[in-house]
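The values are calculated or read from the model by the stated rules, or taken from the named source; none is laboratory data. As the structure is a prediction and not an experimental result, all values here were calculated from the model. We place every Cβ from the backbone using ideal geometry, glycine too, and count neighbours over all the protein chains shown. Accessible surface areas use protein heavy atoms only, side chains included; no ligands, DNA or RNA. Shrake-Rupley method; radii C 1.70, N 1.55, O 1.52, S 1.80 Å.
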Number of protein chains: 2
Amino acid sequence: MQSVTLKVEGMSCNHCVQAVEGAVTKAGAAGKVNLATGSVAVEYDDAKVSLAAIKEAIEDQGYDVAK
Amino acid sequence: MQSVTLKVEGMSCNHCVQAVEGAVTKAGAAGKVNLATGSVAVEYDDAKVSLAAIKEAIEDQGYDVAK
């Protein structure tokens, strides 16, 4: 299991939290957003899902993931 | 038909727009949010729904309506 904290720009409210955490979940990982720091802590199994796919799922919701 | 523009605090993203406009619609009125000004333009028939009920519907979504 891998853990990474991604910086996500544009999260501003609890709906954003749900959108981002939902995207991570649908991608097959687990995510916990920290609105105060503008970040999401992600745990994933890199045998099942790539970090790139997780980032893409977040970006598909309209948020920018910092490189 | 009555028209009023309400100041709504805490709207920060498009999810907020949808939550507030949806609340106004469910209350039986029509609302159009302007995120830049933090306001929602509401049109309603005061024979069918009260302004108080519209404000309450918005507040039930977690936003503050200015007095």
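Below, the figures for the structure above:
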{"item": "Exposure ranking of B:LEU35, B:LEU6 by accessible area [1.4 Å probe, largest first]", "result": "B:LEU35, B:LEU6"}
{"item": "Cα-centred dipole magnitude for chain A, charges only on beta-carbon of K, R (+1) and D, E (-1), debye, nearest 20", "result": "100"}
{"item": "Cα-based convex hull volume of the protein assembly as shown per residue, rounded to whole Å³", "result": "100"}
{"item": "Ranked order, A:THR37, B:THR5 - accessible area, probe 1.4 Å, largest first", "result": "B:THR5, A:THR37"}
{"item": "Angle in degrees between helix A:51-60 and the longest Cα principal axis of chain A, rounded to the nearest 10", "result": "30"}
{"item": "Net +/- balance of residues flanking A:ALA53 in space, Cβ distance below 13 Å, scoring K and R +1, D and E -1", "result": "-2"}
{"item": "Using distinct alpha-carbon pairs, which all enter the 1/r mean, Kirkwood radius of chain B in Å", "result": "11.4"}
{"item": "Net charge of neighbours whose Cβ lies under 12 Å from the Cβ of A:THR25, counting Lys and Arg as +1 and Asp and Glu as -1", "result": "0"}
{"item": "The protein assembly as shown: calculated mean residue ellipticity at 222 nm from DSSP helix runs of at least 4, using -39500 (n - 2.57)", "result": "-10500 deg cm²/dmol"}
{"item": "Using a 7 Å Cα-to-Cβ projection, B:ALA41 label spacings across copies, nm, ascending", "result": "4.5"}
{"item": "Too-long pairs where the Cα-Cα distance tops 19 Å, listed order kept, from A:LYS26/B:LYS26; A:LYS32/A:LYS55; B:LYS26/B:LYS67", "result": "A:LYS26/B:LYS26; B:LYS26/B:LYS67"}
{"item": "Percentage relative contact order, chain B, counting C-alpha pairs under 8 Å, at least six apart", "result": "43"}
{"item": "For segment B:1-58 and segment A:41-58, distance of Cα centres in Å", "result": "38"}
{"item": "Relative packing of peptides B:57-63, A:47-53 - highest average C-beta neighbours within 10 Å first", "result": "B:57-63, A:47-53"}
